Every structure is written in C-alpha cells, then in structure tokens.
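Chemist: A single structure is presented below for examination.
Every read-out reported here was derived from the displayed coordinates using simple, explicitly stated rules and does not represent laboratory data. Quick caveat, the model's predicted, so the values are computed rather than measured. For neighbour counting, all protein chains shown are included, and Cβ atoms are generated from backbone atoms with ideal geometry for every residue, glycine included.
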Amino acid sequence: MVMQEKIEPTANLRVGALLLLAAVAAFTAVDALAKALEGYSSVQVLWGRYFFFIVPMMLMIKPSRWRPILATEQPWLQIGRAVLPVVASVAIVEGLFLMPLADATAILFAAPLMLTVLSIPLLGERVGVFRWLAVGVGFIGVIIVARPGTGIVGWAALWPLVGALFLALYQIATRKLADSADPITTLVYTGLVGVVLSSAAAPFFWTPPTAEVWALFAASGVLFGLAHFLVIKAFYFAEVSALAPLNYAQVVLAIIAGFVVFGEFPDAVALFGMVVIVGAGLFVFVRERQKQVG
C-alpha cells in the first residue's frame with residue numbers, strides 16, 4: 001500500500017473562511033442549475049452532476065497517479081463520506097423542485113447548527129459561548145427567512161431537512177480525513193462513489209436530455225467538483241465549528257440567484273433574516289480572528 005504523507009492542518013482562519021465562501025458560491029450555482037432542471041428526475045440530475053464531475057478529473061490525472069491517489073489509510077471512511085453528499089444531494093434537489101430556491105436554502109441551514117453540535121462528540125472540538133450565541137442568532141435568522149406556519153414548512157420541507165443532516169455529517173467526515181488524506185484522494189473518492197451510485201440508479205429514472213440539458217449537466221458537474229475541493233481545502237485551515245456559521249452566506253446568494261434567475265423577489269422579512277444570518281457568521285469570524293491575534 002502506498003502511504004500518503006501526513007498533512008498537518010493549520011489554524012489560518014482567514015484562508016479557511018475564503019475557501020469556504022468560494023465553495024458556498026459554487027454550491028449556490030449548482031443548486032440554481034438543479035432547479036432549472038425541474039421536470040427531470042432528481043436521480044438523473046444527480047447522475048449528470050457526478051458524471052461531469054468525475055470525467056474531467058479522470059482526464060487530468062495521469063494513469064500512473066491513480067494507484068497512489070486511491071491509496072488511503074481510511075478507505076471505509078472515504079467511501080462512507082462520499083455516500084453522504086449523494087444522499088444529501090437527492091434530498092436537496094427534491095426540495096428545490098418543490099419550493100423556491102431561497103426557501104429551500106434557508107431550511108437547509110439547520111445544517112450549521114447540527115454541525116456545531118456534532119463537532120463536539122465526533123471531533124472533540126470545543127465550542128465557546130460566543131460561537132453558541134452566534135449560531136443561535138443565525139438559526140433565528142433562518143427561521144425569519146423560512147417563516148414556519150406560512151405554508152413554507154410542510155412535507156416538502158422534510159427534503160432539505162434531511163439534506164441538512166447529511167451535509168453536517170459530510171463536513172464532519174471531511175474534517176476527520178483532513179489529518180491523514182490528500183485532498184485530491186478525498187475528492188476522487190467523492191466523485192467515484194457518486195458516479196457509481198447514481199449510474200446504477202439513473203436507468204430507472206431516465207428521460208432523454210436535450211442539448212441544453214447536457215450543457216447544464218456539464219456546468220453543474222464542473223462547479224460541483226470545484227465546490228467539494230474548496231470545502232476539503234477549507235477544513236485544512238480551520239476547525240469545523242469556527243467555519244460553520246460562514247455557510248449562512250449561501251442564504252444571501254440563494255436569494256440573489258432566486259431573484260435574478262427565477263424572478264423570486266425577496267420581501268422585507270426575508271431581507272431582515274438575511275442580515276441576521278450574515279451578521280452572525282461575520283461575528284464568529286471576527287471573534288476567532290481576535291482570539292488568534294491575542
């Protein structure tokens with residue numbers, strides 16, 4: 001077995017935050033593309049995403065590099081981690097088909113709360129009172145945007161909630177691999193497992209795509225691969241619980257994308273919730289930076 005060089009994560013919160021924010025932007029674009037594919041099965045949408053994620057990667061990697069890339073100290077953790085975004089993606093796409101982009105994204109942001117809580121027993125991270133406070137305020141912002149009881153939260157909301165749980169577990173698994181696995185190895189496992197699972201299921205849900213749909217599949221796959229790579233790299237530079245609130249920026253981007261692409265205009269309540277969510281994330285970032293300087 002070819003052993004990977006052990007990679008020591010650093011505490012550079014600024015770099016980790018910038019990488020995660022870039023990943024959030026890419027994921028928002030992927031979600032917008034998925035919503036544009038309404039009318040196709042979520043399984044087929046997922047297959048197109050993973051197919052165009054893994055094919056460019058395979059073309060860029062020399063055949064002699066495959067063996068050392070696939071060699072890993074924790075193969076089952078790699079495989080299990082790669083299954084998590086597959087399940088999350090199916091749930092998220094189903095939610096996007098049933099509700100506006102911004103609403104589905106807002107409900108997804110139970111994930112950073114789950115992530116912060118799970119990082120304690122699963123990663124042994126310590127979460128201070130200010131992080132708890134900021135994440136709690138961020139969750140209030142999510143509630144303001146989602147507005148339970150107004151028709152947004154119903155059976156359809158179960159899809160993004162399931163997606164949120166599996167996204168939290170996915171980021172926990174990513175952090176667990178950060179100390180021992182090369183990011184390219186983790187990325188390749190993500191693509192291979194995803195394309196194998198979606199290819200096995202896609203024939204049962206297949207609708208012949210048009211040329212335009214093939215182009216959307218391709219764009220989604222490239223952006224999806226880029227987003228995952230950025231997430232993997234982000235967790236090399238900072239703790240999960242420190243970066244988690246920055247995921248809330250996706251709500252802002254989803255509101256903008258929903259308006260620009262789908263004509264879903266955010267009202268004053270949604271905008272207020274957006275300010276609360278972003279403010280909570282920025283507070284955590286500033287607080288952690290002050291701790292590093294001090």
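Chemist: Quote the relative contact order of the chain in percent (integer), defining contacts as alpha-carbon pairs under 8 Å separated by 6+ residues.
Modeler: 41 percent
Chemist: Hey, what does the equivalent ellipsoid look like for the range 126-235, semi-axes from the Cα gyration tensor as sqrt of 5 times each eigenvalue, largest first, whole Å?
Modeler: Each semi-axis is the square root of five times an eigenvalue, giving 30, 25, 13 Å.
Chemist: Provide, for the chain, the number of lysine pairs with alpha carbons under 26 Å apart, each pair being eight or more places apart or on different chains.
Modeler: Lysine pairs satisfying the spacing and distance rule in the chain number 7.
Chemist: Using a 10 angstrom Cβ neighbour count of at most 16 plus a DSSP loop assignment to flag exposed trypsin sites (Lys or Arg not before Pro), which longest range of the chain is free of such sites?
Modeler: 127-294
Chemist: Another question about this same structure. Test of the criteria: in the range 136-219, which chymotrypsin sites (Phe, Trp or Tyr not before Pro) are in a DSSP loop and have at most 14 other Cβ atoms within 10 angstrom of their Cβ?
Modeler: Trp206
Chemist: If the elastic network links every pair of Cα atoms under 10 Å, which of Val213, Val145, Val251 fluctuates the most in the Gaussian network model of the chain?
Modeler: Comparing Val213, Val145, Val251 in the GNM, the peak value goes to Val213.
Chemist: If you take all C-alpha pairs in the range 157-294, what percent of them are over 23 Å apart?
Modeler: Beyond 23 Å sits 52 percent of the P(r) for the range 157-294.
Chemist: Give me the base-10 log of I(q)/I(0) for the chain at each q in 0.09, 0.10 Å⁻¹, Debye formula, one uniform scatterer per Cα, rounded to two decimals.
Modeler: -0.42, -0.52
Chemist: Please list the helices of the chain that count as membrane-span-like by this rule: a mean Kyte-Doolittle hydropathy of at least -1.0 together with Cα atoms stretching 30 Å or more along the helix axis, each helix being a complete DSSP H run.
Modeler: Length and hydropathy pass: 13-36, 75-98, 211-234, 268-293.
Chemist: How big is the charge dipole of the chain about its Cα centre, in debye rounded to the nearest 20, if each Lys and Arg gets +1 on its Cβ and each Asp and Glu gets -1 on its Cβ?
Modeler: Dipole size: approximately 620 debye.
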